[in-house]
Amino acid sequence: MKIIADENMPNAEALFSHLGTVELVNGRALKHDQVKNADVLLVRSVTKVTRDLLEGSSVCFVGSATIGVDHIDLKYLAEANVAFSSAPGCNAEAVADYVFSGLSYLYLTKGLHWLSKKIGVIGYGNVGKSVYERFARMGCQVCVYDPLKVDSGSPVNFVSLTDVLACDVISLHAPLTYSGSYPTKGMLGAEALSQLSAGAAIISAGRGGVIDEQALIERHAQLNGDLHLVLDVWDDEPNINQALVSIVDIATPHIAGYSKQGREKGTWMVYKALCQYLKLNTLGISSKDAMSDGWLSAIRVRAGGSQEEMLARSIHAIYDVARDDARLRFKYRENKENNVFDWLRKHYIERDELNTCLMSADISIAHNLLGAAGFSVNNK
């Protein structure tokens, strides 16, 4: 069996090599000639899996180690009788970590006391749910806009888009869709963004294209720069809007879900799905075996200071989003790579998830907040 795998899928060779010959490739530059004799194709979000890529090939299984599927032509795969599996939820915790690292940065640099603010989440998939639940456990006032989930029977506080845009902090996790009752392409355009108040914060870690970037630049100017902006996704990736980069607080190259454990979990989920498709067992390999421990296994937090201060310093001990922002800006200034955006993703400095670190604190409120933020804590 010939298996073509994106070179940025961690553990791909180690997990899949007992099933066949694994060839690692540049996922964004993948061509039909490379897959025509393959049996299995394993991709990430940078590969557009379309009729043009696969028609006439021997591929019978496509696996995407991602939570989103907007890069996959599902209709064609069904017509061609090609099996498909993705990895929903694999990096939900990593993206939630990104959100809270971004908020911690805004607190430390701009004094944003976000714990007392009204929080709005757009999109209630696996990531949006994880983000919502962390805020809720912290005692924040949080609401959600997702018209496709309103009738799901969930006790979540669903509201209108207008209500979410009135919030102080908006965490954006909607998929990119072009059709249906509620297409998200350009959903946050000039009219929607006009509802943002001065001092509002937007964290965008879903898909580029949901925000009209020119409209966001204009709204930023209208508010005299009084917007807090943390952006991980961009409309025309890998070509990102440098005018927008110049005004945001944090700019990163679509790496919110790039924790070491989240990426490893994505590969594992696709591996397990392929084994099921082939009616094989996983050779006794468990999800725990397929994922790494964190570098910092335990931290003790002392009492004192504000709650945001305690959270910010704890979160940034594991993952400080400012390092990814600084690296992006430096590499674009240096301009030595042919494709800086993809180079940053390929050569990403790996980070651990907050849950890999066991936190302890003497004060119960700090202990509870750390657990709500995503850390492992001892039960008291």
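When region 227-252 is examined, which residues are found to be under 17 Å from S171 (Cα atoms) and out of contact with any strand residue (DSSP E or B) (no Cβ under 8 Å at 6 or more places or on another chain)?
Answer for region 227-252, where residues must be under 17 Å from S171 (Cα atoms) and out of contact with any strand residue (DSSP E or B) (no Cβ under 8 Å at 6 or more places or on another chain): just W234.
Suppose we keep only residues that are in contact with a helix residue (DSSP H, G or I) (Cβ under 8 Å, 6 or more places away or on another chain) and modelled with pLDDT of 95 or more within region 221-238. Which one would you say is surrounded by the fewest Cβ atoms within 10 Å (Cβ to Cβ)?
This residue is D235.
Identify the residue in region 199-220 that is open to solvent by less than 10 Å² (accessible area, probe 1.4 Å) and assigned to a strand (DSSP E or B) and, among all such residues, is nearest to S101 (Cα to Cα).
I203
Is there any pair linking a residue in region 221-235 that is of a type in the set (V, I, T) to one that is open to solvent by 30 Å² or more (accessible area, probe 1.4 Å) and in a helix (DSSP H, G or I), with Cβ under 8 Å and at least six apart or on different chains, and which?
V230/Y105
Quick check on region 246-259. Is at least one of its residues touching a residue at least 40 places away in the same chain (Cβ under 8 Å) and part of a helix (DSSP H, G or I)? Quick ask: steps written out before the conclusion?
Kept after step one, since they are touching a residue at least 40 places away in the same chain (Cβ under 8 Å), are these residues of region 246-259: 249-259.
This time we only want the ones that are part of a helix (DSSP H, G or I), so: none.
No, there is no match, as no residue in region 246-259 is touching a residue at least 40 places away in the same chain (Cβ under 8 Å) and part of a helix (DSSP H, G or I).
Of the conditions (1) in contact with a His (Cβ under 6 Å, 6 or more places away or on another chain); (2) open to solvent by less than 70 Å² (accessible area, probe 1.4 Å); (3) of a type in the set (K, R), K2 fails just one. Which one is it?
Single failed check for K2: (1).
If you take the residues in region 70-83 that are assigned to a loop (DSSP other than H, G, I, E, B), in contact with a strand residue (DSSP E or B) (Cβ under 8 Å, 6 or more places away or on another chain) and open to solvent by 10 Å² or more (accessible area, probe 1.4 Å), which one is farthest from K2 (Cα to Cα)?
D73
Considering only residues that are open to solvent by 60 Å² or more (accessible area, probe 1.4 Å), modelled with pLDDT of 95 or more and not in a helix (DSSP H, G or I), look in region 27-47 and name the one that is farthest from A273 (Cα to Cα). Spell out how you get there, then give the answer.
We begin by selecting, within region 27-47, every residue open to solvent by 60 Å² or more (accessible area, probe 1.4 Å); these are 28, 31, 33-34, 36-37.
Within this subset, residues satisfying the condition of being modelled with pLDDT of 95 or more are 31, 33-34, 36-37.
Subsequent filtering for residues that are not in a helix (DSSP H, G or I) retains 31, 36-37.
Working: K31: 24, K36: 22, N37: 21 Å.
Only one residue fits best here, namely K31.
Which residues, taken from region 125-155, are modelled with pLDDT of 95 or more and either touching a Pro at 6+ places or on another chain (Cβ under 7 Å) or of a type in the set (G, A, S) (or both)?
G128, S130, A136, G139 - these are the residues of region 125-155 that are modelled with pLDDT of 95 or more and either touching a Pro at 6+ places or on another chain (Cβ under 7 Å) or of a type in the set (G, A, S) (or both).
The values are calculated or read from the model by the stated rules, or taken from the named source; none is laboratory data. The shown structure was predicted, so the numbers you read here are calculated from the model rather than taken from an experiment. Every residue, glycine among them, receives a Cβ derived from its backbone with ideal geometry; neighbour counts consider all protein chains shown. Heads up: the accessible areas ignore ligands, DNA and RNA and are worked out on the full protein's heavy atoms, side chains in. Shrake-Rupley method; radii C 1.70, N 1.55, O 1.52, S 1.80 Å.
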